[in-house]
Amino acid sequence: MRSNVATALKPKKRELVYQPKQTAHVAENVAIKPLLKGFKSHSLADQSRAALMDRVDTKFILPMNSLTEFLTDLKDEYTILELEGRRLFNYETTYFDTPDRFFYHSHHNGKLNRNKVRFRRYRDTNTAFMEVKFKNNKQRTIKKRIQLSATKPDFENAKQFLKASLHHHVSFLETALLVKYQRVTLMNKDSTERLTLDLSISFKSSNVATQVSLPQMWIAELKRDRKACASSFLTLVKQQQLNPINFSKYCIGSALTDSGKLKTNRFKPTLQKIGRLTNIERTRIEKIDINTQKIN
């Protein structure tokens, strides 16, 4: 029996409150906190003035042992998001897709003008948003979102938002992937640019009873209003001859947790690089329930 959006997203449901055991590599991230204190801070209000809901994204994956060097080199050019004394934040994201994984295959097949749908919960502030990300044929990412209560979301509003954002092209969505990571958010002092650093990334699929963790790598994502603007971070990665990479948390997490049902050829270069940077830890867990809901 199909459940409604409320059942699919309700945070108290076990399958959407993704809380794997705190592993050693998560605890080790405490060691970077003294480096984070070396940055001048900015507030969420400051950051909201450069929301970058329509932007160009550039991503890099790097070995964990390079993080200290990057943080040291960037502290004079960027400020760091600080909320209630915190500078390292916990994110939980539930990705939704159609039963035949239309969004995943659109990305895999190189389709332009594609969408991803997710419910993101910020654990440290207990806030949540339903989001639709649209990648257009000019390689710009356009994000729409509505805020929902993290404990009692207004699901009818979420349904209307999804219908409008997806232009009625999708009738059913189901829980596809749960992602957990820690994030540092930096903002360029001189330009409209944000740099997010994601650590301790874990994936949990709705299709298999496996959790996959990537403990020895981190993801840097540069978010800018245009490609042409100067960037201290880009200068650093060019000096180290590091190249950007295509990395979708949803697609890569789905490929890493897949039991053989998904096509993954397009993502093989990224998957191979991940294998060179980190041990891919796989843990058997209880399989989560799949909830499908009608949105049209």
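The values are calculated or read from the model by the stated rules, or taken from the named source; none is laboratory data. All values derive from a computational prediction rather than experimental measurement. FYI the Cβ positions are ideal-geometry reconstructions off the backbone, even for glycines, and counts take in every protein chain you see.
Residues in the range 133-142 that are under 11 Å from residue 116 (Cα atoms), surrounded by fewer than 19 Cβ atoms within 10 Å (Cβ to Cβ) and touching a Lys or Arg at 6+ places or on another chain (Cβ under 7 Å): 141 alone.
Per-residue answers, yes or no, for (1) under 22 Å from residue 192 (Cα atoms); (2) surrounded by 15 or more Cβ atoms within 10 Å (Cβ to Cβ); (3) over 18 Å from the mean Cα position of the chain (by Cα); (4) modelled with pLDDT under 95:
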residue	(1), (2), (3), (4)
79	yes, yes, yes, no
114	no, yes, no, yes
126	no, no, no, yes
147	no, no, no, yes
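For (1) modelled with pLDDT of 95 or more; (2) under 20 Å from residue 57 (Cβ atoms), each residue gets a yes or a no:
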position: 104; (1), (2): yes, yes
position: 108; (1), (2): yes, yes
position: 137; (1), (2): no, yes
position: 150; (1), (2): no, no
position: 163; (1), (2): no, no
position: 183; (1), (2): yes, yes
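Flag not set for residue 232, criterion: within 19 Å of residue 177 (Cβ to Cβ) and buried (at least 16 other Cβ atoms within 10 Å of the Cβ).
Selection over the range 90-112 of residues that are crowded, with 18+ Cβ neighbours inside 10 Å and among the hydrophobic types (A, V, I, L, M, F, W, C) gives a count of 2. Residues that are outside any helix (DSSP H, G or I) and in contact with a Ser or Thr (Cβ under 9 Å, 6 or more places away or on another chain) within the range 96-111 comprise 96, 97, 98, 99, 101, listed in sequence order. Look at the range 231-258: where a residue is charged (D, E, K, R) and a partner is part of a loop (DSSP other than H, G, I, E, B), sitting 6+ places away or on another chain with Cβ atoms under 7 Å, you get 258/264. Within the range 159-168, the only residue that satisfies the criterion of being assigned to a loop (DSSP other than H, G, I, E, B) and either in contact with a Ser or Thr (Cβ under 8 Å, 6 or more places away or on another chain) or crowded, with 16+ Cβ neighbours inside 10 Å (or both) is 166. Of the residues making up the range 95-113, those that are free of Cβ contacts under 8 Å to residues at least 12 places away in the same chain and in contact with a strand residue (DSSP E or B) (Cβ under 7 Å, 6 or more places away or on another chain) number 1.
Sort through 71, 62 and tell me the only one that's in a helix (DSSP H, G or I) and buried (at least 17 other Cβ atoms within 10 Å of the Cβ). The match here is 71. Selection within the range 206-241: residues that are among the small types (Gly, Ala, Ser), more than 19 Å from residue 254 (Cα to Cα) and not in a loop (DSSP other than H, G, I, E, B). The member of this set that is modelled with the highest pLDDT is 220. Restricting 196, 185 to those that are under 26 Å from residue 82 (Cα atoms), without any contact (Cβ under 8 Å) to a residue 40 or more places away in the chain and touching a Ser or Thr at 6+ places or on another chain (Cβ under 9 Å) reduces the list to 196.
Residues in the range 276-289 that are more than 21 Å from residue 174 (Cβ to Cβ) and either touching a residue at least 40 places away in the same chain (Cβ under 8 Å) or surrounded by 12 or more Cβ atoms within 10 Å (Cβ to Cβ) (or both): 277, 278, 279, 280, 281, 282, 283, 284. Inclusion of residue 156 among residues that are assigned to a helix (DSSP H, G or I), among the acidic types (Asp, Glu) and touching a helix residue (DSSP H, G or I) at 6+ places or on another chain (Cβ under 9 Å) is warranted. Scanning the range 242-271 for residues that are under 19 Å from the mean Cα position of the chain (by Cα) and assigned to a helix (DSSP H, G or I) yields 249, 250, 251, 252, 253, 254, 255, 256, 257, 267, 270, 271.
Let me confirm something: among 183, 194, which residue is surrounded by fewer than 23 Cβ atoms within 10 Å (Cβ to Cβ), within 23 Å of residue 71 (Cβ to Cβ), among the charged types (D, E, K, R) and in contact with a helix residue (DSSP H, G or I) (Cβ under 8 Å, 6 or more places away or on another chain)?
Within the list 183, 194, the selection yields 194.
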